[in-house]
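S.K.: Mind looking over this structure? Questions follow.
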Amino acid sequence: MPEIKVTPLGAGQDVGRSCILVSIGGKNVMLDCGMHMGYNDDRRFPDFSYITQNGRLTEFLDCVIISHFHLDHCGALPYMSEMIGYDGPIYMTHPTKAICPILLEDYRKITVDKKGETNFFTSQMIKDCMKKVVAVHLHQTVQVDDELEIKAYYAGHVLGAAMVQIRVGSESVVYTGDYNMTPDRHLGAAWIDKCRPDLFISESTYATTIRDSKRCRERDFLKKVHDAIERGGKVLIPVFALGRAQELCILLETFWERMNLKAPIYFSTGLTEKANHYYKLFITWTNQKIRKTFVQRNMFEFKHIKPFDRTYADNPGPMVIMPGYCVQGTVGHKILSGQRKLEMEGRQTLEVKMQVEYMSFSAHADAKGIMQLIRQVEPQNVLLVHGEAKKMGFLKEKIEQEFSINCYMPANGETVAIVTNPNIPVDISLGLLKGDSTLGPVPDPKKPKLMHGTLIIKDNSLRLVSPDQAVKELGLSEHHLRYTCKVQIQDHHSEQDTLNRIYNHLKNILKDYPIQHLPDGSVMVESILIKISAMSEDQSTKDVLVSWTYQDEELGSYLITLLKKGLPQSIAL
Amino acid sequence: MAEDESEWDCWMVESLRLYKDLHVFELQESTRVIEWIQDRSICVAGCTMGKKNEILELSLPQKLYAKGNQGLCPERDFTVKHGSFSERPIYELKHVAGTSLLVSSGPPDTSLQVWRLATDESDAIILENMVQHQTAAGQWSKISVNCFPTPRVLHGSKVSDLTIQEIASQKVLFTTGADGCEPEPISDLEFLDHCTFSVCSRKGHLWLADSRQRPSLIGCSDVPVSREDGCHWTMGWAPGHSKVARLCSDGRVLLSDYRDLSKTLGLAELVIPTAVSNSDYLSLTWAPYLQDHLAVSGFNGTVHVYDTSSWLAGAGQAEPTFVHRGHSVIAPEAEEKIPLITRHAWHPWKRRVLLSTADDSSLHVWHWVDHNTA
């Protein structure tokens with residue numbers, strides 16, 4: 001049976017990293033290669049031993065696809081390609097290709113240089129890994145090889161995030177990665193065409209979440225900033241340059257005057273230069289509103305928000321500062337984790353006296369959103385990762401019921417095989433079409449029509465032809481199978497008369513069948529020939545020979561049964 | 001789009017002053033019930049005729065139940081913990097405290113459904129059985145539940161068919177059928193303890209009943225004077241107190257004491273735009289930890305909070321302490337109809353936190369600032 005196999009890699013039920021193996025049409029594809037940020041040892045990487053116990057992965061994988069630059073989707077990529085070993089293509093969108101190495105290098109620095117860990121990838125490995133990357137555009141069909149093709153769709157979520165369709169022949173899979181269905185201030189909403197894939201793969205957490213609105217998150221953010229400023233305090237907002245920084249700046253700028261605030265807002269210069277550069281490069285990835293305003297000004301040119309200078313640090317009075325993202329291991333990250341005492345260099349201990357608010361602004365879909373997307377895509381099957389099947393009976397039933405399709409929920413490390421029903425396109429010969437055509441209304445193109453013929457598979461072509469043509473092409477001679485059966489009937493008439501009576505009898509009964517009375521007296525019903533054996537001794541009985549080809553076996557059987565009942569007296573000669 | 005945004009923007013700036021916290025969610029379908037399961041999750045359920053409706057147990061986000069260090073809780077989303085499908089719409093849903101049992105009711109008749117929340121090993125809500133006693137078509141039962149001495153349910157649609165049944169065995173422990181009561185339709189009923197309960201009829205009649213006595217209805221109030229035809233009354237009782245309030249669809253609120261239902265403790269006129277036509281959503285609840293405060297909804301797209309400490313008999317118009325307008329402002333752009341609040345509920349221990357839901361599937365959680373005491 002044709003099937004698509006899916007294995008989410010990873011141990012246990014942890015949800016911290018994405019790495020999914022898909023086998024489709026004889027091709028093996030790895031979807032994302034994320035790192036688990038909660039572990040400090042090898043458990044942070046996916047378990048590649050599912051693919052092979054030892055040796056490189058190149059011969060086992062046809063390609064790797066990365067959905068976006070978050071480390072839980074791409075963090076293990078250099079480890080996989082350079083330390084385990086993979087030399088095949090790695091596909092991602094242009095912004096992802098530009099931003100991934102920055103994040104990977106930042107994380108490497110913290111892990112190795114600051115924390116002193118070993119068994120981690122090096123800067124050179126990141127560079128070597130990125131050399132294997134093939135960048136793709138949205139809606140561009142990329143031919144990985146003769147049979148495997150992929151296509152990226154806009155996912156929203158972060159700059160460069162994509163959902164991807166993988167196709168081999170007539171089988172296809174759609175993988176969503178992370179996405180959101182409502183646009184935010186700088187990115188649009190996910191969109192994909194109604195491609196009706198065999199399988200749709202997404203996160204189970206989406207389906208079980210009901211999200212607080214973006215507006216309330218923004219309100220909460222503005223309120224905290226407003227309250228702190230009103231008290232005369234300073235506000236520090238660590239944020240990744242290419243993530244929410246743009247969003248938060250637009251928000252603050254929009255509401256600063258309305259909230260009657262006059263305090264200065266600063267962001268770190270490094271942040272703006274980098275962000276400006278990337279947004280300029282990838283302006284088509286932002287939403288329409290940003291694109292319109294970008295024509296008039298720079299992405300980070302605001303009325304109330306200015307670049308920060310370190311000399312301002314001790315300025316009195318209220319202030320809002322957006323320094324940059326706090327990677328794990330940094331002072332900023334420790335504070336966000338709730339630490340109130342910090343050990344600085346030189347054994348100095350600092351007390352954290354500021355109020356800390358941890359806010360999440362990442363754009364994700366929720367229960368309503370995932371149902372919306374499934375409705376949009378119309379898949380044959382749905383597979384949700386990072387959930388526990390036995391704990392999710394209701395969710396499974398909900399999706400199966402709503403869309404009348406199967407829903408699968410493999411555990412990490414478990415392989416699910418989804419049976420597909422692929423269409424195989426076949427050329428049909430004109431002769432066969434003509435021969436099979438029936439009189440009547442024009443056939444409905446939407447209704448399947450059953451046809452019989454001989455399938456010839458030669459090189460890469462499949463043709464359906466009539467058996468005669470097939471025999472001819474193959475240079476074979478056709479054999480005919482005929483069966484002959486003898487039936488004894490009671491009839492005292494002459495052979496010729498008996499045959500006439502048989503003819504009339506059959507004409508009465510088989511009104512819809514072509515019945516012929518041949519010149520030599522024998523009767524023909526379709527291909528069935530009825531004769532009288534000249535060998536009969538008794539004049540009152542006749543040995544009737546009935547012979548037919550195997551195609552008319554049913555009718556032949558019927559005629560035998562009929563004749564065995566004898567001829568009615570009333571039948572004329 | 002721009003117009004909607006600026007209305008929201010204005011209200012948002014105002015909301016910074018009005019609310020300490022505000023959360024806005026969108027359910028897949030609207031609900032008429034919000035039922036707390038202890039203080040960590042709520043149950044909601046669909047109420048649409050002619051289709052399968054979802055019952056969901058939603059876990060609260062950490063931010064809404066954390067007692068300390070709330071600032072370090074980034075999680076603000078509800079999670080579906082358990083779910084199931086009901087063949088009929090759910091108009092009433094009650095959780096039996098201390099158990100994993102839920103009881104629901106809804107059209108097309110007065111039968112009840114008993115559900116059980118599965119263990120942590122499953123996300124299912126299992127339909128255990130149907131309670132059918134004197135089932136009447138065309139109406140649905142009001143429900144109240146009690147867990148002592150065994151889980152039991154008080155249900156009925158008229159004063160003459162009120163029944164207490166043990167949930168597990170369905171044994172009928174009590175019924176008003178033998179009391180010769182009028183078949184007056186009821187709007188609300190509530191267990192006060194395992195033997196006594198209060199009943200409010202749609203006409204505004206209020207009774208106290210004791211299931212150990214015959215006749216069981218032991219105290220009663222006068223029916224308030226109706227101003228117009230079709231006035232509908234509902235009630236809310238103050239947990240742990242002897243106070244009960246009755247709310248009329250014309251905006252009047254009567255305060256009474258169980259110990260003497262013949263007397264009116266207080267009377268107020270709420271300021272409402274017009275008398276409500278769909279009285280099914282009228283709801284009045286007392287705050288569990290804010291003395292003398294009650295909340296009212298079901299007239300329009302707002303929830304009103306009142307401090308009744310100043311209501312004396314014949315007090316006249318009452319000014320709300322707070323009005324939550326969020327549902328009207330944050331209505332989806334495509335919809336022109338202002339949503340109608342279908343239910344509200346107080347947080348079990350956060351003094352000024354309420355939940356409210358409307359017929360546009362919105363669910364709000366809001367912590368209002370009382371500027372009188374702030």
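The values are calculated or read from the model by the stated rules, or taken from the named source; none is laboratory data. Keep in mind it's a predicted model, so treat the numbers as computed, not measured. Neighbour counts run over all protein chains shown; Cβ positions are idealised from the backbone, glycine included.
S.K.: Restricting attention to region A:529-546, which residues are closer than 18 Å to A:Lys565 by Cα and not small (Gly, Ala, Ser)?
M.R.: As a first pass, look at region A:529-546 and keep what is closer than 18 Å to A:Lys565 by Cα: A:530-532, A:540-546.
If the condition is that a residue be closer than 18 Å to A:Lys565 by Cα and not small (Gly, Ala, Ser), then A:Ile530, A:Lys531, A:Ile532, A:Thr541, A:Lys542, A:Asp543, A:Val544, A:Leu545, A:Val546 are the ones that fit.
S.K.: On to the next question. Working only within region A:544-562, note down all residues that are at pLDDT below 90 and either β-branched (Val, Ile, Thr) or under 15 Å from A:Arg501 (Cα atoms) (or both).
M.R.: A:Thr549
S.K.: Across region B:88-100, which residue is farthest from the other protein chains (Cβ to nearest Cβ) among those that are touching a strand residue (DSSP E or B) at 6+ places or on another chain (Cβ under 6 Å) and among the aliphatic types (A, V, I, L, M)?
M.R.: Start the filter on region B:88-100 by keeping residues that are touching a strand residue (DSSP E or B) at 6+ places or on another chain (Cβ under 6 Å), which leaves B:88-96, B:100.
Filter once more, keeping what is among the aliphatic types (A, V, I, L, M): B:90, B:93, B:96.
Working: B:Ile90: 16, B:Leu93: 16, B:Val96: 21 Å.
Within region B:88-100, the match that is farthest from the other protein chains (Cβ to nearest Cβ) is B:Val96.
S.K.: Then there's this: I need the full set of residues from region A:113-128 which are small (Gly, Ala, Ser) and over 17 Å from A:Leu103 (Cβ atoms), in order please. Can you show your working first?
M.R.: Step one: of region A:113-128, the residues small (Gly, Ala, Ser) are A:116, A:123.
Answer for region A:113-128, where residues must be small (Gly, Ala, Ser) and over 17 Å from A:Leu103 (Cβ atoms): just A:Gly116.
S.K.: Restricting attention to strands (runs of 3 or more DSSP E) lying wholly within region B:183-233, give those where 3 or more residues are surrounded by 20 or more Cβ atoms within 10 Å (Cβ to Cβ). Let's see the steps before the verdict.
M.R.: Working: elements: B:186-191, B:196-201, B:206-210, B:217-220.
Per the criteria, B:186-191, B:196-201, B:206-210.
S.K.: Going by what's in this entry, would B:Glu54 be described as under 18 Å from A:Ala207 (Cβ atoms) and either within 14 Å of chain A (Cβ to nearest Cβ) or of a type in the set (A, V, I, L, M) (or both)?
M.R.: Details: under 18 Å from A:Ala207 (Cβ atoms): yes; either within 14 Å of chain A (Cβ to nearest Cβ) or of a type in the set (A, V, I, L, M) (or both): yes.
Criteria met by B:Glu54.
S.K.: Shifting gears a bit: Quick one: count up the residues across region A:404-422 that are more than 19 Å from A:Cys19 (Cα to Cα), modelled with pLDDT of 90 or more and away from chain B (no Cβ under 14 Å).
M.R.: 4
S.K.: Here is a follow-up. I'm checking my understanding of the structure. Among residues of region A:335-393 that are without any contact (Cβ under 8 Å) to a residue 24 or more places away in the chain, of a type in the set (Ser, Thr, Tyr) and in a loop (DSSP other than H, G, I, E, B), which one is surrounded by the most Cβ atoms within 10 Å (Cβ to Cβ)?
M.R.: Selected residue: A:Tyr358.
S.K.: Report, by residue number, each residue of region A:190-228 that is away from every other protein chain (no Cβ under 14 Å) and either at pLDDT below 85 or in a loop (DSSP other than H, G, I, E, B) (or both). Lay out the reasoning, then the answer.
M.R.: Kept after step one, since they are away from every other protein chain (no Cβ under 14 Å), are these residues of region A:190-228: A:190-202.
Within region A:190-228, A:Ala190, A:Trp191, A:Ile192, A:Asp193, A:Lys194, A:Cys195, A:Arg196, A:Pro197, A:Asp198 qualify.
S.K.: Residues that are more than 8 Å from chain A (Cβ to nearest Cβ), over 22 Å from A:Gly393 (Cβ atoms) and assigned to a strand (DSSP E or B): does region B:111-122 have at least one?
M.R.: There is at least one residue in region B:111-122 that is more than 8 Å from chain A (Cβ to nearest Cβ), over 22 Å from A:Gly393 (Cβ atoms) and assigned to a strand (DSSP E or B).
S.K.: Consider B:Phe78 carefully, then state whether it is of a type in the set (Phe, Trp, Tyr), farther than 22 Å from A:Cys216 by Cβ and surrounded by 15 or more Cβ atoms within 10 Å (Cβ to Cβ). Step through it out loud before you land on a result.
M.R.: Numbers: of a type in the set (Phe, Trp, Tyr): yes; farther than 22 Å from A:Cys216 by Cβ: no; surrounded by 15 or more Cβ atoms within 10 Å (Cβ to Cβ): yes.
It is false that B:Phe78 is of a type in the set (Phe, Trp, Tyr), farther than 22 Å from A:Cys216 by Cβ and surrounded by 15 or more Cβ atoms within 10 Å (Cβ to Cβ).
S.K.: Just to be sure before I move on: is B:Ser6 within 11 Å of another protein chain (Cβ to nearest Cβ), in a helix (DSSP H, G or I), under 30 Å from A:Trp256 (Cα atoms) and at pLDDT below 90 in the structure I sent? If you could, list the steps in order and put the result at the bottom.
M.R.: Numbers: within 11 Å of another protein chain (Cβ to nearest Cβ): yes; in a helix (DSSP H, G or I): yes; under 30 Å from A:Trp256 (Cα atoms): yes; at pLDDT below 90: yes.
Criteria met by B:Ser6.
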